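What follows is a set of notes on a single structure, which appears directly below.
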Amino acid sequence: MHGTEGELSRAAERLRRASRVTVATGAGVSAASGVPTFRGAGGLWNDFRPEELATPEAFARDPRLVWEWYEWRRRRIAGCAPNRAHEVIAAWSRRYPRFTLVTQNVDGLHERAGTRNVVRFHGSIWELACWSGCPPGERWRDERELPEPPPRCVRCGGLARPGVVWFGEPIEAAVLRASLAALECDVFLVAGTSGVVYPAAGLADEARRRGAFTIEVNPEVTEATPRFDLALQGRAEDLFDRLEKELSSGSRLSSSQ
Ligand code: APR
């Protein structure tokens, strides 16, 4: 059984010795906040078809249907709050001299927990971008309840799209650059992802290849589990809390605040 005290102490020891820490998160980290994951029990893709809702082709076919789904998710997420995992990651982001969070989550809960140096690998559900003529990559924030989906571009009045990365779309160059730079670290900890969506799922192997000690946090065994240096089997909200207790009980870390 993973997630034993011994494994937890090994993980804490690595984190205690580290000065460069990168955490990579997926939907599982927001599960305890009430945000549905995508796969597995209660996952969104059990009830909805990604090819009908999360691709540029789907949006071109029926922008209203896609927006109605994203607005449903926005309203649901608006009612959620960061959980203990978000809180501990935020504390680490203030404590470690060099810390990066690379998240696949578009829900904004890491930011709401006060996390510094967040790389939004798949964009944000709270941002919009122009689908029509404006230069790609220009986004604006809009957390309001959308009056009449689909919303319009604030610049050209054309159709606007959700500021998220859809299946088949590339990761923004600046985001990829920041994520690859974050692989140069002492500890690369991955939490709450099934590790099936690339290129995000390839980051841990690359971090390990570059010398990072890699840790997985997940209640399930994933395809990637055998490739981690250490796998802690359990829920993020519990394991981050236990890691933080272990760190603060034996901490030699100097606060860089
Ligand atoms: N703590 C930690 N992990 C958890 C928890 C929890 N409380 N609950 C569930 N998990 C794990 C599941 O075991 C699963 O491995 O979180 C993972 C969630 O996997 P997915 O639903 O596939 O989510 P994710 O990996 O983030 O999806 C990747 O796919 O749909 C696209 O763009 C979307 O960013 C998303 C990407």
Per residue, how much space in cubic angstrom lies within the convex hull of the C-alpha atoms of the chain?
122 Å³
Looking only at region 145-180, which residues have a backbone nitrogen under 18 Å from a spot 7 Å from the Cα of Ser132 in the C-beta direction?
147-163
Could you list, bin by bin from short to long, the percent of Cα-Cα pairs of region 1-135 in 10 Å steps?
11, 34, 32, 17, 6, 1
Protection proxy ranking of 112-120, 153-161 - average other beta-carbon atoms within 10 Å, highest first
112-120, 153-161
Note on the chain, DSSP bridge orientation, antiparallel percent to nearest 5 equals 25 percent
What is the chain's relative contact order, in percent, from Cα pairs under 8 angstrom and six or more apart in sequence?
26 percent
Rounded to one decimal in Å, the inverse mean reciprocal Cα-Cα distance for region 37-99, i.e. its Kirkwood radius, is 14.3 Å
Rg/Rg_globular for region 1-49, with Rg_globular taken as 2.2 N^0.38 Å and Rg from C-alpha atoms:
1.62
Could you give the dipole magnitude of the chain about its Cα centre, charging the beta-carbon of Lys and Arg +1 and that of Asp and Glu -1, in debye to the nearest 20?
780 debye
Taking all protein chains in place and a 1.4 Å probe, what share, in percent, of the accessible surface of the chain do carbon and sulfur account for?
51 percent
At what distance in nm do the modelled label points of Glu206 and Glu51 sit from each other, each positioned 7 Å from its Cα along Cα→Cβ?
2.8 nm
Along the three principal axes, how long is region 113-257 when you take its alpha carbons, biggest first, rounded to the nearest angstrom?
56, 31, 29
Test of understanding: what is the full-extension gain from Arg61 to Ala78, defined as 0.36 nm times their sequence separation minus their Cα-Cα distance?
3.4 nm
Inverse of mean 1/r across different Cα pairs in region 117-172, Kirkwood, Å:
11.8 Å
Per residue, how much accessible surface does the chain expose to a 1.4 Å probe? Answer in Å², no decimals.
46 Å²
As a test of the formula, what do you get for the chain when each DSSP H run with n ≥ 4 contributes -39,500 (n - 2.57) and the sum is divided by the residue count, at 222 nm and rounded to the nearest 500 deg cm²/dmol?
-10000 deg cm²/dmol
Full-stretch length increase - Arg20, Ala41 - with 0.36 nm per residue and alpha-carbon distance subtracted:
4.1 nm
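The values are calculated or read from the model by the stated rules, or taken from the named source; none is laboratory data. Just so it is clear, the structure is predicted and the values come from calculations on it, not from any experiment. Methodologically, a virtual Cβ is constructed for each residue, glycine included, from the backbone with ideal geometry; neighbour enumeration extends over all protein chains shown. Calculation scope for accessible area: heavy atoms of the full protein, side chains included, ligands and nucleic acids excluded. Shrake-Rupley method; radii C 1.70, N 1.55, O 1.52, S 1.80 Å.
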